[in-house]
1. Given the range 5-272, what percent of its DSSP beta bridges are antiparallel, to the nearest 5?
2. On alpha-carbon atoms, Rg over Rh for the chain using Kirkwood Rh?
3. Please give the peptides 136-149, 219-232 ranked by average Cβ packing (other Cβ atoms within 10 Å per residue), highest first, as a rough proxy for protection.
4. Using a Gaussian network model of the chain with C-alpha springs under 10 Å, which one of 99, 57, 239 is most mobile by mean-square fluctuation?
5. Applying 1/(1 + (r/R0)^6) with R0 = 35 Å to the Cβ-Cβ distance of residue 196 and residue 18, what FRET efficiency is obtained, to the nearest 0.05?
6. Provide the FRET efficiency to the nearest 0.05 for the residue 160-residue 254 pair, computing r from the beta carbons and using R0 = 35 Å.
7. Which distance in nm do the two modelled labels at residue 51 and residue 90 give, with both placed 7 Å along the Cα-to-Cβ direction?
8. Based on the mean of other beta carbon atoms within 10 Å per residue, what is the order of 14-22, 120-128, most packed first?
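A short reminder: the numbers here are calculations on the coordinates, not readings from a lab. A quick note: this is a predicted structure, and the numbers were derived from the prediction, not measured. Counting neighbours? That spans all protein chains shown, and the Cβs are built from the backbone with ideal geometry, glycine included.
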Amino acid sequence: MVKDLRERIKETSDYLREHGVTAPEVGVILGSGLNSYADRIKNPLILTYDEIPHFHAGKAEGHRGQLIYGDHLGKKVLLLAGRFHYYESHDMDVSSFPARVLVELGVKRFVITNACGCVNTEFRKGQLMLITDHINLSGDNPLIGDNLDEYGPRFPDMSYIYNKELRDKLKTLAATEGIKLQEGVYTMFSGPSFETPAEIRYVRAIGGDVVGMSTVPEAIIANHAGKEVIGISFLSNMAAGVEKKPVTGEEVTAESLKVQDTFARVTDLAIAI
C-alpha cells in the first residue's frame with residue numbers, strides 16, 4: 001500500500017531529525033551545475049538521497065543528490081544539492097517532496113536556484129537573475145489532490161511568491177559588490193526536451209524572461225506554507241531560436257563553471273539578509 005503524503009513527510013522529517021537535522025533556518029535548493037556551493041557549509045552533516053526515506057536521486061548531470069546540513073554565515077542551513085525533476089517522474093508529489101520536508105522541518109526562508117535559458121534578448125548568458133514571478137506551463141501543480149491544511153490553505157494566494165523586500169535588499173547589496181542582478185519572470189516547461197523556437201516566441205509574448213524545467217514546484221510549496229522565497233536563476237544559455245545554434249545540456253554545465261564565484265557571493269547574501 002502506498003503511504004499517504006502526510007505519512008511520508010513525517011517519516012522523512014523524523015529520520016532527518018534523528019540524524020541531527022534540527023531547526024534549520026534557511027533551505028537552499030541548488031540547480032544544475034551549482035552544487036559546489038554546498039562545500040561552503042561548516043560542520044556538515046551529509047546524507048545521500050538514496051539513504052533518506054522517500055527521497056529520489058535525480059540523474060540530471062550536475063546534481064549530486066545530497067542533503068547537507070550545517071553552519072553558514074551564523075545560521076543553520078539545509079542544502080539540497082540536486083533535484084529529482086518533474087520530467088524524471090511525471091509526478092509533482094515526487095519532485096516537490098523535498099520542499100515539503102523543508103517546510104515540516106521549520107525552514108523559514110527558501111533560496112531556490114536554477115540554470116535556465118534566456119528568452120529576454122536584453123539578458124546575456126552568464127548573468128544571474130532574481131525571479132520576480134513565474135509562469136507555470138508544466139501542465140501540473142504540486143497542490144493537486146487533498147490539501148494538507150496544517151501547512152496552508154486550499155487556495156493559496158500567488159501574488160507575492162518571491163519576496164520583494166528581500167529581493168530589493170539583495171539587489172542593493174549585490175550592487176555594492178559590483179554584481180548586477182537582472183530581474184524577471186521564470187517560465188517552467190515540463191522538459192526534458194528543450195523548448196522550440198515557436199514556444200520561446202510564445203513565452204516572450206506572454207511576459208516570460210527565462211525558461212527552465214524546475215523551481216516552480218518548490219516555490220509553490222514554500223508559498224503555500226507562507227515561507228519567504230528568493231529565486232535565483234543562472235542564465236546558462238540563450239533560448240532556442242535566439243542564437244543560430246542548438247541548445248545543449250553540455251553548454252549549461254560548461255557555463256555554470258564560469259559563474260561559481262559570483263553565484264556563491266549572491267547566495268551568501270540571500271542567506272545572510
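1. Working: 17 of 48 bridges.
In the range 5-272, DSSP labels about 35 percent of beta bridges as antiparallel.
2. Numbers: Rg = 17.4 Å, Rh = 18.6 Å.
Expressed as Rg/Rh, it is 0.94.
3. Working: 136-149: 15.0, 219-232: 23.2.
Per-residue mean Cβ counts within 10 Å order the peptides as 219-232, 136-149.
4. For the chain, modelled as a Gaussian network with Cα springs under 10 Å, the answer is 57.
5. Working: r = 47 Å, r/R0 = 1.35.
Between residue 196 and residue 18 the formula returns 0.15.
6. Values: r = 35 Å, r/R0 = 1.01.
The pair residue 160/residue 254 has a calculated efficiency of 0.50.
7. Spacing of the two 7 Å Cα→Cβ label points: 3.4 nm.
8. Highest mean packing first, the order is 120-128, 14-22.
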